[in-house]
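The values are calculated or read from the model by the stated rules, or taken from the named source; none is laboratory data. Given the structure is predicted, the values throughout are model-derived calculations rather than measurements. Counting neighbours? That spans all protein chains shown, and the Cβs are built from the backbone with ideal geometry, glycine included. Only protein heavy atoms, including side chains, enter the accessible area calculation; ligands, DNA and RNA are left aside. Shrake-Rupley method; radii C 1.70, N 1.55, O 1.52, S 1.80 Å.
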Amino acid sequence: MSLKHVTDEAGDSLMLLEVDGFLFAPDLSADVVKGLGQFPFRDDDVMVCSYPKSGCHWVWEILRMLQEGTLDVAVQEKEDLMMEWKTPEFMDKFPSPRVLNTHVLLRHLNPELFEKKIKIIMVVRNPKDVAVSFYHHHKKLVEYEYNGQFTNYVPNYLDGKVDSGCVFDYTRDWEKEIDEHPEHPILLLCYEDMKENLFREVKKIANFLGKSFEDVFYQKIADKCTFSKMRDRKGAVHTEWGDNIFYRKGEVGDWKNWFTVAHSEMCDRICEEKMSGSKIIFRYTLDNNTETNNNDGGS
Ligand code: A3P
């Protein structure tokens, strides 16, 4: 386990923590990471898993409202219940039902989660928008010490030289678990589907949790969890990390403002190769006409 500088094509370096060959944010504790395999789950925990910048904060907020059955959840950030970030003792302070979250792989986690039938919601987002979002994350958070240009960042990102490794490897690893163990309670959600119709996706999550509310409640959650409402409500929680780093733009297709044609094609090539056999179809654009926040778009 060590801190390492990963250098991009122009010589700018990103500081990361490596533990047993996997890359983490540099300010994580290696002891907490190594303890993940013994994490004491509660029977009623649920968990959001995602590659970084895929919409984890968004789903976490929705899950809290569904789990608590109210829109009036405390203003809190998911980092309090992020498994590789906080100690189990710290997280034990929070009452049930807890909504845990993580960016690690299944092999890092305590296998007891399947005996306890912990429900897992996995969120995926198209890898080009993730790249742009992750780039801003790496530039803004001082602990990464990164000051590079996006054009030099892309090859390293595609090569997995970032926290949580390669986006495709991460996604395939989780997807294989879902395919090989259909008995495990794992729901796969797509960021772009949520942008397309949040009401529909909120209801889908509720069904997965075995909850049943009136449609009006799902609609209220969808209304309260739009990008602008969440940014206004929660964007200031992490002021010491800069303004709204977790609520930057919240769009599908921002990658077109950042990727060169060559890098876009490189991403497509690597995606085709690494995602071979996958059932996940990444959506890189959304027709504005299809974007809706309410149940008129079909449920
Ligand atoms: P951008 O940087 O593209 O804006 P995570 O929570 O996994 O770190 O993901 C962060 C990304 O999700 C950021 O993307 C952020 O703006 C976006 N996001 C957060 N809340 C959102 C919401 N309510 N609706 C849409 N996108 C949201």
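Take residue 231: with every protein chain present and a 1.4 Å probe, its accessible area is about 80 Å².
Based only on Cα atoms, what mean projected area does the convex hull of the stretch 112-190 have, in nm²? Write out the running numbers ahead of the final one.
Details: hull surface 25.2 nm².
Over every viewing direction, the Cα hull of the stretch 112-190 projects on average to 6.3 nm².
Give me the percent of the accessible area of the chain that comes from carbon and sulfur atoms, probe 1.4 Å, all protein chains in place. Roughly 48 percent, rounded to a whole number. Computed with a 1.4 Å probe over protein heavy atoms only, the accessible area of residue 64 comes to about 10 Å².
About the centre of its Cα atoms, the chain shows a dipole size close to 500 debye [charges on the beta carbon of Lys, Arg (+1) and Asp, Glu (-1) only; nearest 20 debye]. Volume per residue of the convex hull around the Cα atoms, evaluated for the stretch 48-199, comes out as 134 Å³.
Accessible area per residue of the chain at 1.4 Å probe, in Å²? Could the numbers behind the result be given before it?
Numbers: 13030 Å² over 299 residues.
I get 44 Å² per residue for the chain.
For 181, 138, give me the order by solvent-accessible area with a 1.4 Å probe, most accessible first, ignoring ligands, DNA and RNA. List each step's numbers first, then the result.
Numbers: 181 65, 138 0 Å².
So the residues, ranked largest to smallest area, are 181, 138.
Once all protein chains are placed together, residue 87 keeps about 50 Å² accessible to a 1.4 angstrom probe.
The charge dipole of the stretch 1-125, taken about its Cα centre with unit charges on the Cβ atoms of Lys, Arg (+1), Asp and Glu (-1) only, comes to about 360 debye.
Classify the stretch 161-210 as rounded, prolate or oblate, taking a ≥ b ≥ c as the square roots of the eigenvalues of its Cα gyration tensor: rounded when a/c is under 1.5, otherwise prolate if a/b is larger than b/c and oblate if not. Before the final figure, lay out the partial values.
Working: a/c = 3.10, a/b = 1.35, b/c = 2.29.
Since a/c reaches 1.5 but b/c is at least a/b, the shape of the stretch 161-210 is classed as oblate.
Suppose the Debye formula is applied to equal point scatterers at every Cα of the chain; what is log10 I(q)/I(0) at q = 0.11, 0.13, 0.14 Å⁻¹? The Debye formula, applied to the Cα set alone, gives -0.65, -0.94, -1.12.
Can you give the alpha-carbon Rg of the stretch 22-67 over 2.2 N^0.38 Å, where N counts its residues? All intermediate terms of the calculation are to be shown ahead of the outcome.
Values: Rg = 13.0 Å, N = 46, 2.2 N^0.38 = 9.4 Å.
In units of the 2.2 N^0.38 Å rule of thumb, it is 1.38.
Bridging of residue 229 to aspartates and glutamates at a Cα separation below 13 Å is possible for 61, once same-chain residues fewer than 8 apart are set aside. Distance between Cα centroids, the stretch 36-53 to the stretch 60-85: provide it in whole Å. Using only Cα atoms to place each centre, the spacing works out to 13 Å.
Ordering 30, 118, 170 by Cα displacement along the dipole of the chain toward the positive end leaves 118 in first place; charges were set at the Cβ atoms of Lys, Arg (+1) and Asp, Glu (-1). Our coupling estimate for the stretch 155-161, obtained by passing each phi through the Karplus curve with A = 6.51, B = -1.76, C = 1.60 and θ = phi - 60°, is x, 5, 4, 5, 8, x, 8 Hz, Gly and Pro reported as x.
Annotation for residue 256 and residue 112: the two label points, set 7 Å from Cα along the Cα-Cβ direction, are 4.9 nm apart. Straight-line cross-link partners of residue 128 among the lysines, defined as a Cα under 20 Å from its Cα and at least 8 positions apart when in the same chain: 53, 139, 140, 161, 195, 249, 256, 274, 279.
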